[in-house]
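Report on one structure; see the data block that follows.
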Amino acid sequence: MDKVQSAGIIQNVYNTLIQVSAQVTGKMDASIFSAMQSIFFNSLAFSLVGIILVFWLFNHMKAGFSRDDLFKGGVWLIYLCCIYAIMTSFSAYSEFKSLFLIPQHIMKACIGSFAGTSDAGAMLDRTFSEVYDVYWAAQAYGADIFADQNWIFDDPDFLQNAVAYIAIGVWWITIGFYLLIIIGIFIMQIASNFALSIFGCLAPMLIWLLLIPQTRGYFFSWLKNYIAISFYIPMTMLPLLLINKGQNYMDLTYITLWENTLSQFSMSMVLGILAIYLLFKIPEWINIILGTQESGAGFTAQATQSMMTGATQGIVTGASMGANTVLKGAKTGLNSARFTKGVYDGLKGNAMPLNSSDSRKKGANIGTGVRGLASNGFNIVSSFYNGRK
């Protein structure tokens, strides 16, 4: 089987999807901003702001202005000025949204300092390429060794090398396992980037909610979910960082894989299991940090977890249902057999054991009844026949 070149494929697909998502959502964001800007900057909006201020002044002229009233009025004016400053241009609006992505950039920089890159696509590609390429290198390394061993008795290490060459095929389990992890992280990355862009498009429509005290909670709820979704992008890189550092620690090369296939395979499986555990814990950690429990921020993780556990759950559920069906069928068949045995015993007039089952007893009662009915009917017919004589 010829080797398929894997280097760069995952990274190219990842970058292409990110660019397509950015282009689609970027046009949507610009259109929504332009529409909301035309609403904010027109004579009707300025008139409404003036009317609100006049009514507020008239409402407090009679009773006077307390410190609390002046404070609330000042906060309202600050909100109003900030909103108009943000909506003056698309660049100012973009800078406003970028402020809420600072935690994401900080986390990305921290992970990138340990991993050597903050590009998730490059980390995904490297994680798969290492376990994939090392297999083919180890296989070629083993083929070269066997080329020098013409006969089994010529080299005392022939049997050991033959076992290693066969055992290295188990490494395909590692390749498949890591591919599953990479697919899960890949989907979470793409979905998180797309969801973050979609949520960001809602900002021009929600920012005006700051002007009304009763609706400010909706804006801050949106903001909390926006920041929560942005956390998924760097945090889903943590499992990749764990795998990469673990592979460096166990010195994964084609020579070590050839010489210590079992230990390398076991360590790789442990790293993969820990990576999946981290993926499942990420939503919980984000909920703890931001308090977004049961919010819409975790939909990407839930979808990915469903994909990664759906097959296992389906197998377990199917096996359980199949086992229950078999057990029920076996129980029904056993009860039917006992019932038939009871009918037979009743017809023959055999004594029933004390520990007989209910099914056998019911069958015996029916058999006894049928036997009695047949016996009485025979006696009646016989008496009638004898009487006619």
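The values are calculated or read from the model by the stated rules, or taken from the named source; none is laboratory data. Just so it is clear, the structure is predicted and the values come from calculations on it, not from any experiment. Heads up, the Cβs are rebuilt from the backbone with ideal geometry, glycines too, and the neighbour counts pull from every protein chain shown.
May I ask you to list the residues in region 243-264 that are touching a helix residue (DSSP H, G or I) at 6+ places or on another chain (Cβ under 8 Å) and either surrounded by fewer than 17 Cβ atoms within 10 Å (Cβ to Cβ) or assigned to a loop (DSSP other than H, G, I, E, B) (or both)?
K245, M250, L252, T253, I255, T256, E259, L262
Regarding region 116-126, can at least one residue be identified that is of a type in the set (K, R) and closer than 30 Å to R216 by Cβ?
no
Table: residues versus (1) modelled with pLDDT of 85 or more; (2) out of contact with any strand residue (DSSP E or B) (no Cβ under 9 Å at 6 or more places or on another chain); (3) aliphatic (A, V, I, L, M); (4) crowded, with 17+ Cβ neighbours inside 10 Å.
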position: F90; (1), (2), (3), (4): yes, yes, no, no
position: Y93; (1), (2), (3), (4): yes, yes, no, yes
position: Q104; (1), (2), (3), (4): yes, yes, no, yes
position: G116; (1), (2), (3), (4): no, yes, no, no
position: M123; (1), (2), (3), (4): yes, yes, yes, yes
position: Y132; (1), (2), (3), (4): no, yes, no, yes
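Could you please find all residues in region 36-50 being in contact (Cβ under 8 Å) with a residue 24 or more places away in the chain and part of a helix (DSSP H, G or I)?
Selection gives M36, Q37, F40, V49.
Sort through I175, I152 and tell me the only one that's modelled with pLDDT under 90, part of a helix (DSSP H, G or I) and out of contact with any Cys (no Cβ under 9 Å at 6 or more places or on another chain).
I175
Only one of L262, L238, L211 is at pLDDT below 90 and under 25 Å from the mean Cα position of the chain (by Cα). Can you tell me which?
L238
Could you run through region 271-285 and say how many residues are within 17 Å of I182 (Cβ to Cβ) and either without any contact (Cβ under 8 Å) to a residue 12 or more places away in the chain or among the basic types (K, R) (or both)?
Number of matching residues: 2.
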